[in-house]
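First up is the structure itself, then whatever we jot down about it.
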Amino acid sequence: MVQDRAAVKTQIILATIECIEKDGYNAVTTRNVAQAAGVNNAAINYYFGSKDNLLEETFAFTLSHFFIDIKEILKDKSLNAYSLLKVLLAFLLQGFINYPNMVRTYFLVPDLFRQYGQSFLQQVEQFLETVSDRIHNENPALSEKEIRVSLMQIISVILSLCLPLDFLQDFSGIDPKDPPTQMAYIDHLLTHYLDWVNPLEIKEDEQKVTQLLERIKNTQDFDRPD
């Protein structure tokens, strides 16, 4: 019974994500969510109490998945710093592409940003601290300031992809939704700002990067329970 309750709640939360992506945060209604989830409107109140509680649990749900994926990335001690950063950027880029309205809502709705957006940025900052330490260990000649400035430039470029993707595609002529294009874009970005990287090390870790991205793909996709 407890399992059934959890499954229904997850189903409703996933439907809420769909509605936010389809119509935007401000247009979400319990009626639309109930229809998308295949439940009656009373079920929303029964499981969540109110629309505000539903939205709050939805954003908490997505953030918890983000934290799980970040921990999964950091568990791999075999990747060099470049590859570790590449996995993070690919992960963030996929999230921005698959869930653009969710991401924008995190940053643009003040109450949500205070509650969830700041936690998201803090987690990214902690990850960058880890990457910075690894870079310094692998390249002792680099100064800490040089490393941190490069990382901030890189992450700022990725965060700018919260902009509408149609604008970026029209301007650049590339399709950011195309997976090979995404990885080529990230490699170009990293090699531009991290000019100390050894190309042979990049090649050596390509298979590991692909495998790690595949492992975290399921949680990012928010697969619905059967």
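Each value in this text was obtained by applying a stated rule to the coordinates, not by laboratory testing. Here the structure is a predicted model, which means the values were calculated and not measured. Cβ placement follows ideal geometry from the backbone for every residue including glycine, while neighbour counts extend to all protein chains displayed.
Hydrophobic long helices, here whole DSSP H runs in the chain with Kyte-Doolittle means of at least 1.0 and Cα atoms spread over 20 Å or more along the helix axis, are found at 81-98.
Recomputing Cα extents along the principal axes in Å from the coordinates shown identifies the correct label among [x] 71, 39, 35; [y] 62, 41, 31; [z] 94, 37, 26 as [y]. Going by neighbour counts of Cβ atoms within 10 Å, the residues 124, 33 line up, fewest first, as 124, 33.
Using helices alone, I'd like the mean residue ellipticity at 222 nm for the chain: each DSSP H run of four-plus residues gives -39500 (n - 2.57), total over residue count, nearest 500. Here the helix-only value at 222 nm equals -24500 deg cm²/dmol.
Among 104, 5, sorting on how many other beta-carbon atoms sit within 10 Å of each Cβ, with the fewest leading, yields 5, 104. You can think of it this way: the chain between residue 122 and residue 97 has 6.9 nm of extra reach, that is 0.36 nm per residue less the Cα-Cα gap.
For residue 105, neighbours were defined as the other residues whose beta-carbon sits under 15 Å from its Cβ, and their charges (Lys and Arg +1, Asp and Glu -1) total -3. In plain terms, the chain from residue 46 to residue 191 could stretch by 47.0 nm, reckoned as 0.36 nm per residue minus the Cα-Cα distance.
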